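Below: the structure, in structure tokens.
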Amino acid sequence: MFTGIIEDVGKIIDFADSAIRVETNLDGIKIGDSVAVNGVCLTATKISNNLIDFDYSPTTSKLTNISCLQKNSSVNLERALQLNSRLGGHIVYGHIDTTTAVADIKKAGNFYFIKFKINEKMKNYIVDKGFIAVDGISLTVSECGNTDFSVTMIPETFNKTIFKTRKINDIVNIELDILAKYVEKMLNNKNKETDISLQMLKENGFI
């Protein structure tokens, strides 16, 4: 489990069909630990000084932007959440739901307004002021339309993540808010009696 607060921007040192080697300044990582790489939960398989190896499955390659990486690519990194840590972002599992493309990047004053395309898998789960993780970054949806959604990044987030090098049409990983998916499942469950209603969800802060 992660928070979506990026701790380091690492660099791909080596890239194979099913493994990557990442250079990072993060410490305290042991073999078997989970690390979010561009939001993808991967397991450390080998550690040598500041180099960490990760394996990834064909499914991970298909569902994420891992396949877009190459040698010297930059990646967002976050160590797994500890139980005594503050939850600074939102609950992120590192299970990517889909990918999408960057549609626009604009700067206004010190802030960055970034727009992403919405595909069929995303459209039911994105709402104004809702949570979303993009390349592992915990973000709040600032605007949501039928074909795209936007977020606003502060300079700290933009400059200390891979978004400082992102371009229009780059492919990004998307993890949707897990609470939205649970709520949808409960509301669509026609086979069991439930006391859940839209009014109850509003009263308890879900919507």
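See the values below:
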{"item": "Boolean, THR3 is surrounded by 19 or more Cβ atoms within 10 Å (Cβ to Cβ) and either touching an Asp or Glu at 6+ places or on another chain (Cβ under 9 Å) or more than 24 Å from PHE158 (Cβ to Cβ) (or both)", "result": "yes"}
{"item": "Count of residues meeting criterion [at pLDDT below 95, within 15 Å of the chain's Cα centre (by Cα), in a loop (DSSP other than H, G, I, E, B) and not aliphatic (A, V, I, L, M)] in segment 122-157", "result": "2"}
{"item": "Residue among ILE114, ILE20, ILE52, ILE105 that is part of a strand (DSSP E or B), assigned by TED's automatic domain parsing to the domain that holds ILE154 and crowded, with 17+ Cβ neighbours inside 10 Å", "result": "ILE114"}
{"item": "Yes/no for THR99 being β-branched (Val, Ile, Thr), free of Cβ contacts under 8 Å to residues at least 40 places away in the same chain and surrounded by 14 or more Cβ atoms within 10 Å (Cβ to Cβ)", "result": "no"}
{"item": "Complete set of residues in segment 155-176 that are under 26 Å from ALA108 (Cβ atoms), charged (D, E, K, R) and touching a residue at least 12 places away in the same chain (Cβ under 8 Å)", "result": "LYS160, ARG166, LYS167, ASP170"}
{"item": "Single unsatisfied condition, ILE174 versus (1) outside any loop (DSSP other than H, G, I, E, B); (2) more than 12 Å from the chain's Cα centre (by Cα)", "result": "(2)"}
{"item": "Pair list, Cβ under 8 Å, 6 or more apart: segment 17-39 residue of a type in the set (Asp, Glu), other residue surrounded by 15 or more Cβ atoms within 10 Å (Cβ to Cβ) and assigned to a loop (DSSP other than H, G, I, E, B)", "result": "ASP33/ALA80"}
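The values are calculated or read from the model by the stated rules, or taken from the named source; none is laboratory data. None of these values were measured; they are calculated from a predicted model. FYI the Cβ positions are ideal-geometry reconstructions off the backbone, even for glycines, and counts take in every protein chain you see.
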